[in-house]
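All of the numbers you see were taken from the coordinates with simple rules; none came from a lab. Keep in mind that this is a model prediction, so the values were computed, not measured. Here Cβ is always computed from backbone atoms with ideal geometry, including for glycine, and neighbour counts include all displayed protein chains.
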Amino acid sequence: MTTYRRILLKLSGEALAGSDGHGLNPDVLAALADELKELVARNVQVALVTGAGNFFRGMSSRGRMMNRVTADYIGMLGTVMNSLALADFLRAAGVACVVQSAIEVPRLCGLLQPLEAIRQLERGRVVIFAGGTGNPFFTTDSTAALRAAEIQADVVLKATKVDGVYCSNPATNPKAQRFDKITFDEVLARKLEVMDLTAITICRENNIPIIVFNMTTRGNILRMLEGAAVCTRVGVD
């Protein structure tokens, strides 16, 4: 089994939309809940951060003259919606979970409390972090790295639609080579789009490795943690 006791799983909003491309896909949410249930059953402590691209694309909206701060706060609210939906599917699968938000939504979820989150993880509950960092100008990648550092996670799992980090875009370059392992310094030097600069810096300074893997294949989270899935390990010796 995996050597990771506590993980932080970073999901994009688009991943929750599945083939629909927008909104929430119930089949995707149900399948994800089942995978997380298996992890919890194996005593892996699971925390999650989601993006909000299935509801709102802040970058494209800003390109149409929306104020950056407004766009970022709308995106944070989108992560709250995704987190609440994911929590509902987890509970339906019999998985105890809590949602903590960096922005106050008192009727829907609790306020971010990292120490309380650790206590909940140690009790076997999944913790979902919503509301981004609570501040504009930060991505959900940065949120994932920050929360991982706060809860002392062993690893950040970056769920994507590809099976790792490539030297160039594999969608446009069929000869692009995938890295099995790569250091943080190499990621920065090559300007590879693993996570944003803030996220990479937080993980490097706190010695938290990042694993990039393809989550579109059902069961890949567990296989990846067991070393049986194709992925790229960043910052792993």
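By average Cβ neighbour count within 10 Å, what is the ranking of 157-164, 176-183 from highest down?
157-164, 176-183
Answer with a single label: of (i) 50, 49, 36; (ii) 56, 38, 31; (iii) 52, 38, 29, which was calculated as Cα extents along the principal axes in Å from the structure in view?
For Cα extents along the principal axes in Å, the calculated option is (i).
Amide H to amide H, which residues 5 or more places from Leu111 or on other chains are under 5 Å from it, using H placed in the peptide plane?
Ser101
Highest mean first, how do 16-29, 66-79, 37-50, 120-133 rank when packing is the count of other Cβ atoms within 10 Å averaged over residues?
Averaged packing, sorted descending, gives the order 120-133, 37-50, 66-79, 16-29.
In the chain, which whole DSSP H runs stretch at least 24 Å along their own axis (Cα) and average -0.5 or higher on the Kyte-Doolittle scale?
Span-like helices here: 68-92.
Determine the alpha carbon to alpha carbon distance for each of Lys161/Lys181; Lys10/Lys191; Lys10/Lys175 and list only those over 24 Å.
From the list (Lys161/Lys181; Lys10/Lys191; Lys10/Lys175), the Cα-Cα distance tops 24 Å for Lys10/Lys175.
Using packing as a proxy for protection, rank 138-148, 211-221 so that the peptide with the highest average count of other Cβ atoms within 10 Å comes first.
138-148, 211-221
What whole number of Å gives the distance from the Cα centroid of region 100-117 to the Cα centroid of region 202-237?
So the separation of the two Cα centres works out to 27 Å.
Amide H neighbours of Cys97 under 5 Å, at least 5 residues apart or on other chains, H built in the peptide plane: list them.
Close amide H contacts, sequence-distant or interchain: Val126.
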